[in-house]
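Report on one structure; see the data block that follows.
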Amino acid sequence: MVNHMPNSSSGPRVGLFVTCLADMFRPSVAFATVKLLEQAGCSVEVPERQTCCGQPAFNSGDRKTTADIARQTIDAFDGYEYVVGPSGSCIGMLHYYPEVFDPSDSYYQRALNLKSRSFEITSFLFDVIGANALQEQLKLLQFNHKVTYHDSCSGLRQMGIKQQPRQLLQQVQGVELEEMEEAETCCGFGGTFCVKYPEISNRMVSNKTDYISNTGAHTLLGGDLGCLLNMAGKLKREGKQVEARHVVEILAGMTDIPAIGEADYDLAQQL
Amino acid sequence: MQINTPFFKQRAHDALADENLQKALGNLKAGFPEKRAIAVDRMPEFEELRNQGRDLKNHILEHLDLYIEQFESKVIENGGQVHWARTAEDANQIILDLCKQVDAKTVTKGKSMVTEEIGLNDFLEANGVQPVETDLGEYILQLREDHPSHIIAPAIHLNLEDVSEAFHEHHKRPKSDDPAVLMQEAREVLRDKFVAADVGITGANFCVAETGSTIIVTNEGNGDLTQTLPKTHIVVTSIEKVVPTLEDMTLFLRLLARSATGQEFTVYNTLSTGPRREGDQDGPENFHVVLVDNGRSEMVGSEFQDMLRCIRCSACMNHCPVYGAVGGHSYGWVYPGPMGSVLTPQMIGIEKGGMLPNASTFCGKCESVCPVKIPLPKLMRHWREDEFQKHLQPKAARYGLAGWAFMAKRPALYKPYARMASWFMKRLAGKKGRIKKLPLAGGWTDWRDMPAPQGTTFMKAWKEQQKNGEQP
Ligand code: SF4
């Protein structure tokens with residue numbers, strides 16, 4: 001089930017929920033998450049039997065598939081003290097698992113238990129490990145740019161993530177945070193929404209990219225790759241010179257890797 | 001009202017291209033949400049009120065029969081009459097019969113979404129009774145043979161120019177684009193209608209069980225004239241509007257005004273308690289309440305029961321980015337925005353209304369502002385579940401989902417598949433770091449680039465790294 005030996009850390013044993021977008025589109029985000037967790041003293045493992053959180057099925061009304069995937073995920077992450085992932089939306093989906101089981105189902109209690117120990121990465125670092133846990137590492141980092149932060153919907157409204165990434169960012173040297181107008185408004189991604197209702201989604205993301213570029217920020221940051229791929233893709237299409245990154249890339253000091261949709265980068269060749 | 005909900009996509013497309021509408025929607029965005037935010041900031045206990053509102057509504061829905069019967073007997077005690085209408089057709093017929101009883105030629109109407117829901121105006125007109133809308137917005141719409149696009153600001157989709165034109169055409173007066181002049185004009189025209197009307201029809205925001213009163217809240221005062229001048233006052237309302245006491249009502253009035261317009265209190269709060277009594281200065285001689293069900297009692301005890309808490313404040317649509325982009329008419333029936341996306345399928349059937357609960361990113365903004373904390377995204381998801389079970393979703397979507405599910409449930413298959421997809425897209429992107437056109441993903445790449453993946457999956461890279469013991 002676990003494909004490598006835990007490292008020698010004495011801290012909590014964390015199972016990494018990779019998320020399918022980080023897995024398929026931007027592994028560096030998952031690597032950054034691992035790095036931060038290890039810096040925070042955790043021993044990180046990556047359960048082999050994880051795939052997707054099941055959100056596409058859940059939001060398409062397919063409760064049976066959702067429950068199947070929920071069982072698979074619950075089994076895969078059995079026994080970890082914490083489950084952490086780089087997405088408020090996917091971890092938020094884990095938090096919905098109790099809803100898909102009947103309270104008489106044995107997985108119901110296990111779903112509740114998984115919910116109680118699963119966290120989005122910035123919230124885990126800030127709320128669980130502690131506000132100053134990464135102080136030493138973060139102050140050694142430098143990112144001399146103006147940034148703006150998009151609050152992804154599930155992270156913000158379901159998981160209560162607002163201050164955590166901002167507080168962590170402030171500890172990095174040189175970061176200047178300029179809030180955009182309507183930072184809390186949806187970017188129009190919405191999973192399958194953006195392909196089912198492309199024109200409406202386009203209007204929403206166009207509003208967003210206007211607000212982003214109005215700040216004059218060099219980099220757009222966020223905590224969810226779905227939203228970031230959507231906004232980065234629109235910024236590129238509009239020819240706007242704003243880079244887009246997942247916030248963990250800054251926090252882990254991994255800004256040498258090209259930003260989302262930026263330039264050629266082949267991870268396979270780095271291995 | 002004609003059902004255009006199945007054409008949501010086309011209507012949204014047209015709405016996005018309609019510059020006038022977009023201008024009007026821009027005003028909405030800057031208006032109600034900001035005012036609400038200020039009002040909420042000024043009231044530290046607002047969150048507590050929302051909890052109370054939710055809990056009280058839940059209590060009422062658990063005992064709906066009890067409160068609604070109490071309300072009925074109080075109305076009768078006060079000298080009024082109560083009529084139960086199971087369907088929209090029943091309601092229309094009852095109202096027409098009441099109009100006929102007093103030989104009504106014209107009826108004045110206060111703003112009422114329930115009468116929109118049952119299509120009352122068309123029905124009365126077809127049967128020789130002329131309805132006259134007296135809410136300014138509704139009046140403008142009636143002149144233009146238009147329908148509300150918002151539940152409290154029905155003409156929000158129009159600009160001043162549209163109003164000025166409609167008045168010029170119908171009032172046969174010189175054209176003006178001064179809002180004050182237009183307002184005066186409407187007043188003068190409507191005065192005569194108020195006096196001439198045989199029957200006044202209003203809705204009700206709440207029905208108070210302990211007193212048998214109904215209340216309407218308006219900012220124009222037109223409702224007062226509508227219900228006090230004619231001989232007969234008919235209140236058309238729905239069963240879930242009942243609240244136990246006057247004090248309970250005030251809780252909802254406080255929530256309603258702040259959530260709707262950001263006012264602390266609506267300007268006119270008018271209670272009607274039975275017909276005119278001996279010695280009363282004014283009031284109607286006949287007082288009727290038509291209690292419309294139209295699918296609501298089916299919602300009691302179902303997974304959609306929470307929706308019956310709705311107090312029709314409009315906060316959900318005011319804050320909805322989809323509503324803000326396409327406006328209310330795109331939704332194709334009476335109720336727009338998130339509340340409409342839950343209610344409409346209930347009333348017209350999921351076969352016709354299915355577009356709406358799907359047209360949401362589930363961003364959750366609506367739920368976060370709803371004064372009675374209705375879990376709107378969750379209810380929309382329940383409609384999707386209903387659709388899924390009935391195989392109503394488009395074939396491509398269903399097969400796509402099934403294919404993905406097959407993979408997602410088999411980690412050993414999923415992994416190489418993800419790796420292949422990553423590799424393939426990386427190749428498509430070439431050196432540029434992004435893809436301009438992606439086969440089968442036109443919905444995405446017609447409007448935005450697809451950022452390129454990094455060429456392999458994390459699962460693969462992690463395994464390699466563990467094997468080699470080095471950082472990528
Ligand atoms: S659903 Fe909630 S926010 Fe929307 S109109 Fe009803 S009460 Fe208001």
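Over 24 Å between Cα atoms: which of A:Lys208/B:Lys23; A:Lys234/B:Lys9; B:Lys23/B:Lys352 fall into that group?
Numbers: A:Lys208/B:Lys23 18 Å; A:Lys234/B:Lys9 22 Å; B:Lys23/B:Lys352 30 Å.
With Cα atoms farther than 24 Å apart: B:Lys23/B:Lys352.
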Could you work out the relative contact order of region B:410-468, using alpha carbon pairs under 8 angstrom and six or more residues apart, expressed as a whole percent? 37
Might you work out the accessible area of A:Tyr96 for me, using a 1.4 Å probe with all protein chains in place, and round it to the nearest 10 Å²? 70
For B:Lys57, go through the lysines and keep the ones whose alpha-carbon is under 20 Å away, minus same-chain ones fewer than eight residues off. B:Lys241, B:Lys373, B:Lys378
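Counting DSSP beta bridges in the protein assembly as shown, what percent are antiparallel, to the nearest 5?
Working: 11 of 55 bridges.
So the antiparallel bridges amount to about 20 percent of the total.
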Taking 22 Å as R0, compute the FRET efficiency from the Cβ-Cβ separation of A:Lys162 and B:Glu264 and round it to 0.05. 0.20
Accessible surface of region A:64-124, 1.4 Å probe, proportion on carbon and sulfur as whole %: 48
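Send over the per residue convex hull volume for the protein assembly as shown, Cα only, as a whole number of Å³.
Values: hull volume 118.1 nm³, N = 743.
Output value, Cα hull per residue: 159 Å³.
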If you count only protein heavy atoms and use a 1.4 Å probe, how large is the accessible surface of B:Lys415, to the nearest 10 Å²? 40
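Before rounding to the nearest 500, sum -39500 (n - 2.57) across all DSSP H runs of length at least 4 in chain A and divide by the residue total; then give [θ] at 222 nm in deg cm²/dmol.
Details: 13 runs with 117 residues, N = 271.
The helix-only estimate for chain A comes to -12000 deg cm²/dmol at 222 nm.
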Roughly how many debye, to the nearest 20, is the charge dipole of region B:410-468 about its Cα centre, given +1 on each Lys and Arg Cβ, -1 on each Asp and Glu Cβ, and no other charges? 160
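Carbon and sulfur atoms: what percent of the 1.4 Å accessible area of region B:43-297 do they account for?
Values: 5180 of 10820 Å².
Its accessible area is 48 percent carbon and sulfur atoms.
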Please compute, for the alpha-carbon atoms of region A:60-169, the extent along each of the three principal axes and give them in descending order in Å. 52, 30, 18
From the protein chains alone at 1.4 Å, what is the descending order of accessible area for B:Lys109, B:Lys9, largest first? B:Lys9, B:Lys109
Any idea what diffusion coefficient region B:1-46 gets from Stokes-Einstein, in µm²/s, Kirkwood Rh on alpha carbon pairs, 37 °C, 0.692 mPa s? 249
On each of the three principal axes the extent of the alpha-carbon atoms of chain A, given in whole Å and largest first, is 53, 45, 37
Degrees separating the helix B:411-429 axis from the principal Cα axis of chain B, which is the longest one: 90
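If R₀ is 56 angstrom, what is the calculated FRET efficiency for the pair B:Lys105 and A:Glu238, using the beta carbon separation as r and rounding to 0.05?
Step by step, r from the Cβ atoms, then E = 0.40.
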Given a 1.4 Å probe and no ligands, DNA or RNA in the count, how much accessible surface is buried by B and A, both sides, to the nearest 100 Å²? 6700
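Assign unit charges at the C-beta atoms only (+1 for Lys and Arg, -1 for Asp and Glu), then state the dipole size of chain B relative to its Cα centre in Debye, rounded to the nearest 20. Walk me through the numbers before you get to the answer.
Details: 56 positive and 61 negative charges, 790 e Å.
The calculated dipole for chain B is roughly 3800 debye.
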Over all Cα pairs of region A:13-126, the Kirkwood radius sets Rh, and Rg/Rh then becomes 0.96
Helix B:160-171: inclination vs chain B longest Cα principal axis, degrees, rounded to 10, gives 30
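Could you report chain B's accessible area per residue, 1.4 Å probe, as an integer in Å²? The partial results should precede the final answer.
Details: 20040 Å² over 472 residues.
Accessible area per residue: 42 Å².
If r is the Cβ-Cβ distance from B:Asn468 to A:Asp256 and R0 is 25 Å, what FRET efficiency results, to the nearest 0.05? Numbers along the way, then the final one.
Working: r = 20 Å, r/R0 = 0.80.
It comes out at approximately 0.80.
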How high is the relative contact order of region B:43-297, given as a whole-number percent (alpha carbon pairs under 8 Å, six or more residues apart)? 28
With everything on Cα atoms, drop me the angle between helix B:179-196 and the longest principal axis of chain B, reported from 0 to 90° to the nearest 10. 50
Take the Cα of B:Glu69, step 7 Å along the line toward its Cβ, and report every residue of region B:82-96 whose backbone nitrogen sits under 16 Å from that point. B:84
Roll a 1.4 Å probe over the protein heavy atoms and report the accessible area of B:Val267 in Å², nearest 10. 90
Heavy-atom accessible area ranking, 1.4 Å probe, most first, across B:Ile76, B:Ile350, B:Ile94: B:Ile76, B:Ile94, B:Ile350
At a threshold of 8 angstrom on Cα-Cα distance, excluding pairs fewer than six apart, so keeping six or more, what relative contact order does chain B reach in percent? 20
Simple spin-label estimate for B:His13/B:Glu278, 7 Å along Cα→Cβ, in nm, reads 6.9
Give me the dipole magnitude in Debye, nearest 20, for the protein assembly as shown about the Cα centre, with unit charges on the beta carbon: positive for Lys and Arg, negative for Asp and Glu. 3080
Which residues, if any, in region B:338-367 lose at least 40 square angstrom of accessible heavy-atom surface (probe 1.4 Å) when the other protein chains sit next to their chain rather than the chain being alone? B:Asn358, B:Thr361, B:Cys363
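Rank these residues by their accessible area, most exposed first, probe 1.4 Å: A:Lys162, B:Lys395, A:Lys236. Intermediate values should be presented prior to the final figure.
On the way: A:Lys162 55, B:Lys395 125, A:Lys236 30 Å².
These residues rank, largest area first, as B:Lys395, A:Lys162, A:Lys236.
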Which of rounded, prolate, oblate describes region B:43-297, given a ≥ b ≥ c as roots of the alpha-carbon gyration tensor eigenvalues and a/c under 1.5 marking rounded, otherwise prolate only if a/b is larger than b/c? oblate
Starting from the Cα gyration tensor of region B:16-151, take the square roots of the eigenvalues, sort them a ≥ b ≥ c, and report rounded, prolate or oblate (rounded when a/c is under 1.5, otherwise prolate if a/b is larger than b/c, else oblate). oblate
With the dipole of region A:132-270 defined by +1 on each Lys or Arg Cβ and -1 on each Asp or Glu Cβ, the option from A:Cys153, A:Ala133, A:Gln167 whose Cα lies farthest towards the positive pole is A:Cys153
Residues of region A:144-177 losing 40 Å² or more of accessible surface, assembly versus chain alone, probe 1.4 Å, please list them. A:Arg157
Can you list the lysines whose alpha carbon is less than 17 Å from that of B:Lys109, not counting same-chain residues fewer than 8 positions off? B:Lys100, B:Lys193, B:Lys231
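The values are calculated or read from the model by the stated rules, or taken from the named source; none is laboratory data. Model, not experiment: these values are computed from the prediction. So basically every Cβ, Gly included, is an ideal-geometry build from the backbone, and we count neighbours across all protein chains shown. The accessibility values were calculated without ligands, DNA or RNA, using every heavy atom of the protein model including side chains. Shrake-Rupley method; radii C 1.70, N 1.55, O 1.52, S 1.80 Å.
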